[in-house]
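Undergrad: Next up is a structure, given as structure tokens.
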RNA sequence: GACCCCGUAGCUCAGCUGGAUAGAGCACUCGCCUUCUAAGCGAGAUGUCGCCGGUUCAAGUCCGGCCGGGGUCGCCA
């Protein structure tokens with residue numbers, strides 16, 4: 001894939017080699033910090049390099065003098081690779097020691113051709129070198145439908161995974177099902193409560209005579225889940241099993257009812273994920289891990305390394321829990337790996353803590369060959385990051401790295417008014433509610449709106465989500481603004497069909513258009529922006545920051561709208577130029593390239609580009 | 001008390017892993033808008049980058065210490 005920055009860097013390095021050969025520079029210089037970047041200010045040219053300033057210290061020379069020297073060595077060279085082979089450039093040494101490079105426009109025209117030839121694959125990179133990455137996200141407890149916070153995590157994880165794939169990593173998406181702890185027992189008891197209600201309401205029940213008594217005896221269990229969805233599940237359970245469990249002791253029904261509940265809840269969650277367009281390569285069950293002995297294996301691995309011991313922890317600072325008592329427990333030496341305290345692995349009842357299971361899970365990822373691990377969590381799990389990283393470091397002997405992306409809260413608003421949520425008051429808003437609402441307001445593109453907006457903030461920034469704003473058709477709304485640019489490009493192409501034949505309008509044909517006719521500064525600026533897409537992909541992928549793409553797409557849309565508007569004032573700048581089909585084809589090549597790059601970016605986000613609005 | 005995140009224009013936020021004069025949108029002022037798709041366009045004004053030190057050719061960006069806001073803090077997940 002054409003990458004002008006890398007290509008120019010090679011030219012620069014060969015010029016520096018020549019200077020070394022001429023004894024103008026000493027051998028053995030460290031070039032790692034020599035960068036070729038787009039300058040912030042377009043007045044500084046197309047490319048800029050800090051070479052003189054980075055090397056000045058090493059060779060004890062004035063950076064400006066050195067810059068002049070390098071500029072002279074670059075003089076007369078040509079770009080040796082890519083579609084722009086043989087193109088020239090000019091170099092200027094400037095102020096503190098920067099080298100500003102201006103490329104022949106032909107270089108940019110070649111970039112434009114490359115976009116048309118690559119299509120939405122433009123921006124694909126090989127920096128990932130097919131290295132495997134495991135992205136774990138959502139992992140919502142199977143105790144009910146997803147809420148908005150889960151939705152953010154789902155979108156961030158999914159987009160990050162797609163971004164990494166585009167950057168050349170071999171990505172694996174996983175969902176960890178927390179189906180082993182006390183919460184799923186509470187879920188099972190809650191479902192059983194609803195089940196009893198269903199049975200008691202059966203007119204023909206053989207237990208009808210005692211239903212009044214039973215009603216009085218019905219007690220909501222500890223940690224009761226009040227949602228309506230459990231009533232549905234209870235009806236299904238009754239349909240399947242009838243009154244079978246009704247008068248049995250808990251020891252009998254708890255297991256089967258729990259299994260049923262988890263299956264039902266995961267079905268709900270899968271529906272929610274499907275509504276968002278999020279898919280996984282694997283769902284990993286905590287209970288399955290425990291059953292398979294994975295926890296024992298992980299703990300054995302830690303024991304082998306001398307990282308487990310029986311000990312008593314200091315009481316936590318701050319608010320002391322009421323029932324605190326010093327007690328010896330099984331601890332992991334997390335402090336050896338940067339955590340504040342050593343962490344318990346067993347509960348007082350002898351069962352594993354959540355942490356123990358999670359250690360086993362991450363150990364399992366490592367054993368499956370993953371060295372790059374990414375977890376996407378809610379910000380309320382922030383206190384858990386260090387211990388998990390400590391465990392990964394310990395179990396992989398430092399070979400694997402875990403990056404945790406914490407997603408901050410989403411605050412829902414409508415027309416500036418906060419949407420108050422309370423589980424107790426029944427005004428709890430599920431993810432599905434939000435998407436349905438958006439479908440209504442935005443015409444069936446609810447998930448696209450939701451996904452895009454979720455990515456318009458860094459993950460660690462709280463996000464304000466206003467139903468009115470995200471569905472309004474105006475420039476203030478980034479989803480609309482970007483989609484409109486895509487639709488507008490499509491619209492221009494439809495109009496072009498009145499001037500040119502279908503064959504002439506294919507991407508392949510447009511790639512052969514006389515692109516040299518594109519010489520307006522605005523046109524070249526737009527091409528430059530489009531050509532930076534591969535760089536954006538690589539940077540965002542390396543930083544694990546998908547939100548950068550949202551900002552890039554807004555930039556592209558803004559530049560495109562700007563050019564379009566310019567055509568209103570200056571007829572010569574219109575895309576469709578009557579009487580000049582060649583120029584028109586060149587302009588259409590640019591229009592198509594805009595659409596392709598936007599589509600390429602939206603694809604990373606899992607958002608469908610629209611051709612009409 | 002400890003740890004994590006945040007602090008950039010009046011507001012909401014970017015700032016491309018250290019680059020040149022710190023940006024965008026909203027709001028504000030002024031002008032424009034019968035033409036490829038309309039939901040707008042152009043111009044103007046706006047800053048102790050929370051504060052103080054340090055690292056270096058160069059710091060909003062990295063390090064240390066404060067201040068302010070949020071979150072978390074044994075056997076919940």
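Undergrad: Taking segment A:358-402 as the search range and keeping residues that are under 16 Å from residue A:176 (Cβ atoms) and in a strand (DSSP E or B), which one is nearest to the chain's Cα centre (by Cα)?
TA: The selected residue is A:376.
Undergrad: Does residue A:448 qualify as being in contact with a strand residue (DSSP E or B) (Cβ under 8 Å, 6 or more places away or on another chain), crowded, with 18+ Cβ neighbours inside 10 Å and more than 20 Å from residue A:544 (Cβ to Cβ)?
TA: On the way: in contact with a strand residue (DSSP E or B) (Cβ under 8 Å, 6 or more places away or on another chain): no; crowded, with 18+ Cβ neighbours inside 10 Å: yes; more than 20 Å from residue A:544 (Cβ to Cβ): yes.
In short, no.
Undergrad: Oh, and also: Just to check your reading of the model, which residue among A:155, A:138, A:133 is over 23 Å from residue A:3 (Cα atoms), in contact with a helix residue (DSSP H, G or I) (Cβ under 8 Å, 6 or more places away or on another chain), touching a residue at least 40 places away in the same chain (Cβ under 8 Å) and surrounded by fewer than 24 Cβ atoms within 10 Å (Cβ to Cβ)? Steps first, please.
TA: Numbers: A:155 fails: surrounded by fewer than 24 Cβ atoms within 10 Å (Cβ to Cβ); A:138 fails: surrounded by fewer than 24 Cβ atoms within 10 Å (Cβ to Cβ).
Just one listed residue meets the conditions, A:133.
Undergrad: While we're on this one: Pick out, from segment A:1-90, the helices (runs of 4 or more DSSP H) lying fully within it that include 2 or more residues that are within 12 Å of RNA strand B (Cβ to nearest atom).
TA: Helices (runs of 4 or more DSSP H) meeting the threshold: A:51-59, A:63-74.
Undergrad: Here's another thing I want to ask about it. Anything in segment A:341-370 that is within 12 Å of residue A:389 (Cα to Cα) and either surrounded by fewer than 18 Cβ atoms within 10 Å (Cβ to Cβ) or within 9 Å of RNA strand B (Cβ to nearest atom) (or both)? List them, or say none. Outline the logic, then answer.
TA: Start the filter on segment A:341-370 by keeping residues that are within 12 Å of residue A:389 (Cα to Cα), which leaves A:355, A:358-359, A:362-363.
Across segment A:341-370, the qualifying residues are A:355, A:358.
Undergrad: Then there is this: What pairs come up if the first residue lies in segment A:86-115 and is more than 26 Å from residue A:597 (Cα to Cα), the second is within 16 Å of RNA strand B (Cβ to nearest atom) and assigned to a loop (DSSP other than H, G, I, E, B), and their beta carbons are under 7 Å apart, counting only those six or more places apart or on different chains?
TA: That search, which allows pairs on different chains as well, returns A:98/A:50; A:100/A:39; A:100/A:45.
Undergrad: Sticking with this one: May I ask you to list the residues in segment A:560-576 that are more than 8 Å from RNA strand B (Cβ to nearest atom) and surrounded by fewer than 20 Cβ atoms within 10 Å (Cβ to Cβ)?
TA: Result: A:570, A:572.
Undergrad: Take residue A:470 and tell me if it is at pLDDT below 90, under 28 Å from residue A:229 (Cβ atoms) and within 14 Å of RNA strand B (Cβ to nearest atom).
TA: For residue A:470, the condition - at pLDDT below 90, under 28 Å from residue A:229 (Cβ atoms) and within 14 Å of RNA strand B (Cβ to nearest atom) - is met.
Undergrad: Quick check on segment A:166-201: of everything there that is closer than 19 Å to residue A:281 by Cβ and either outside any strand (DSSP E or B) or over 33 Å from the mean Cα position of the chain (by Cα) (or both), which residue is nearest to RNA strand B (Cβ to nearest atom)?
TA: A:178
Undergrad: Given A:444, A:464, A:472, A:417, which one is within 24 Å of residue A:377 (Cβ to Cβ) and outside the structural domain of residue A:599 (by TED's automatic domain parsing)?
TA: Just one listed residue meets the conditions, A:464.
Undergrad: Going through segment A:454-501 one residue at a time, which ones are outside any loop (DSSP other than H, G, I, E, B), closer than 30 Å to residue A:579 by Cα and out of contact with any helix residue (DSSP H, G or I) (no Cβ under 6 Å at 6 or more places or on another chain)? Can you show your working first?
TA: Just the residues of segment A:454-501 that are outside any loop (DSSP other than H, G, I, E, B), to begin with: A:454, A:463-471, A:478-496.
Then keep just the ones that are closer than 30 Å to residue A:579 by Cα; that gives A:484-496.
Correct list: A:484, A:487, A:488, A:490, A:491, A:493, A:494, A:495.
Undergrad: Return the residues of segment A:95-132 that are closer than 18 Å to residue A:526 by Cβ and touching a strand residue (DSSP E or B) at 6+ places or on another chain (Cβ under 9 Å); say none if nothing qualifies.
TA: Those that are closer than 18 Å to residue A:526 by Cβ and touching a strand residue (DSSP E or B) at 6+ places or on another chain (Cβ under 9 Å): A:102, A:103, A:104, A:107.
Undergrad: Of the residues that make up segment A:525-533, is at least one within 20 Å of the chain's Cα centre (by Cα), touching a residue at least 24 places away in the same chain (Cβ under 8 Å) and surrounded by fewer than 17 Cβ atoms within 10 Å (Cβ to Cβ)?
TA: No, segment A:525-533 contains no residue that is within 20 Å of the chain's Cα centre (by Cα), touching a residue at least 24 places away in the same chain (Cβ under 8 Å) and surrounded by fewer than 17 Cβ atoms within 10 Å (Cβ to Cβ).
Undergrad: Considering A:96, A:145, which residue is outside any strand (DSSP E or B), over 26 Å from the mean Cα position of the chain (by Cα) and within 16 Å of RNA strand B (Cβ to nearest atom)?
TA: After applying the criteria, what remains is A:96.
Undergrad: When you check residue A:454 against the structure, is it assigned by TED's automatic domain parsing to the domain that holds residue A:588 and within 16 Å of RNA strand B (Cβ to nearest atom), yes or no?
TA: Considered against the rule, which asks whether it is assigned by TED's automatic domain parsing to the domain that holds residue A:588 and within 16 Å of RNA strand B (Cβ to nearest atom), residue A:454 comes out as no.
Undergrad: Might you let me know whether segment A:550-558 holds any residue that is within 26 Å of the chain's Cα centre (by Cα), at negative phi and away from RNA strand B (no atom under 13 Å from the Cβ)?
TA: So far as segment A:550-558 goes, no, none of its residues is within 26 Å of the chain's Cα centre (by Cα), at negative phi and away from RNA strand B (no atom under 13 Å from the Cβ).
Undergrad: Then there's this: Suppose we filter segment A:473-499 for residues that are loosely packed, with under 13 Cβ neighbours inside 10 Å and more than 10 Å from RNA strand B (Cβ to nearest atom); how many remain?
TA: Number of matching residues: 1.
Undergrad: Further, regarding this structure: Any idea which of A:279, A:223, A:227 is modelled with pLDDT of 95 or more and assigned to a loop (DSSP other than H, G, I, E, B)?
TA: After ruling out the rest, the residue left standing is A:279.
Undergrad: In segment A:314-337, how many are within 13 Å of RNA strand B (Cβ to nearest atom) and at pLDDT 85 or above?
TA: Number of matching residues: 7.
The values are calculated or read from the model by the stated rules, or taken from the named source; none is laboratory data. This one's a predicted model, so the numbers in the text were calculated from it and none came from an experiment. Note that we place each Cβ from the backbone using ideal geometry, even for glycine, and neighbour counts take in every protein chain shown.
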